[in-house]
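The values are calculated or read from the model by the stated rules, or taken from the named source; none is laboratory data. Note that the structure is a prediction, hence the values are computed from the model and not measured. Glycine also receives a Cβ, built like all others from the backbone with ideal geometry; neighbour counts cover every protein chain displayed. In case anyone asks, the SASA skips ligands and DNA or RNA and just uses the protein heavy atoms, side chains included. Shrake-Rupley method; radii C 1.70, N 1.55, O 1.52, S 1.80 Å.
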Amino acid sequence: MADWNLAPRSRVNRLFATPLIEVWPQQAKAWIEPLLARVRARRAEHPGISRSNINGWHSDTAMLEWGGEEAIALARETMAVCARHTSDVVAAQGQSRYEMDMEMWANVSPAAASNQMHCHPGSFWSASFYLDDGGDSDDGFFVAQDPRFPSVRMNAPDLVFQDEDGTKQLSQHRVRPEPGKLVIFPSWLMHAVRPHSGPRDRVSIAMNILAIPARAS
């Protein structure tokens, strides 16, 4: 029988977590200079395209064709991480009904350039790999927006949920750019990139990981 004189028992259930994965691949240092050289060469010969980028250069999405062996190695590492964090819950005998495919592109952002808030429709995972922070490690953050969008429009916008240890659940999460860091997140997660004020271009590689039906064996 419960003792009603004791303090009430409680349990906090953490529901529907959103994964945001930060990885430092072991070979990242060896990839950076070759990838920087290929991105700069591509930028010199290609005007780029306009997506979420504001005042920055966005390459075509075929970097796997012109990025060299380091781009392929980065793609394989990224898909391996994604595979470890993805499960087909109705797969027979652990065999997923899906295969992963990828598109890759480069972003070059001079000081004051940014990327507006957006998501990546049609993909399952998306990722960013940093080659150069532009010389400003204090800004130019990757910013993830809380997907529970109505919460930031309620009638008490200064109230947030607080965990048992006092951690406040803010509506945005910032990831500091760092050369050699790989950031992976669900493609539906709204995100943006803040401008930086460094003396160099900030350079990153972006990827979309697509889930496509597996071919019959």
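A few comments on the model shown:
- Picking from residues in region 136-184 that are among the small types (Gly, Ala, Ser) and in contact (Cβ under 8 Å) with a residue 12 or more places away in the chain, the one that is farthest from residue 199 (Cα to Cα) is 151.
- Test result for residue 140, modelled with pLDDT under 95 and open to solvent by less than 50 Å² (accessible area, probe 1.4 Å): yes
- Residue check for residue 112: within 23 Å of residue 42 (Cα to Cα), surrounded by fewer than 13 Cβ atoms within 10 Å (Cβ to Cβ) and either among the hydroxyl-bearing types (Ser, Thr, Tyr) or in contact (Cβ under 8 Å) with a residue 60 or more places away in the chain (or both): yes
- Scanning region 70-101 for residues that are of a type in the set (D, E, K, R), farther than 16 Å from residue 214 by Cα and touching a residue at least 12 places away in the same chain (Cβ under 8 Å), we see that the one that is least open to solvent (accessible area, probe 1.4 Å) is 70.
- Boolean, residue 44 is free of Cβ contacts under 8 Å to residues at least 60 places away in the same chain, loosely packed, with under 13 Cβ neighbours inside 10 Å, in a helix (DSSP H, G or I) and of a type in the set (A, V, I, L, M): yes
- Output for region 5-41, where each listed residue is surrounded by 15 or more Cβ atoms within 10 Å (Cβ to Cβ), farther than 23 Å from residue 185 by Cβ and in contact (Cβ under 8 Å) with a residue 40 or more places away in the chain: 36
- Only residues that are assigned to a loop (DSSP other than H, G, I, E, B) and more than 16 Å from residue 17 (Cβ to Cβ) were counted in region 172-200, giving 15.
- Taking the criterion of being open to solvent by 50 Å² or more (accessible area, probe 1.4 Å), farther than 23 Å from residue 62 by Cβ, modelled with pLDDT of 90 or more and among the hydrophobic types (A, V, I, L, M, F, W, C), the residues of region 160-217 that qualify are 188, 190.
- Index of the failed condition, residue 157 passing every other in (1) exposed (fewer than 13 other Cβ atoms within 10 Å of the Cβ); (2) modelled with pLDDT of 95 or more; (3) not acidic (Asp, Glu): (2)
- Subset of region 115-131 (residues that are open to solvent by 40 Å² or more (accessible area, probe 1.4 Å) and among the small types (Gly, Ala, Ser)): 122
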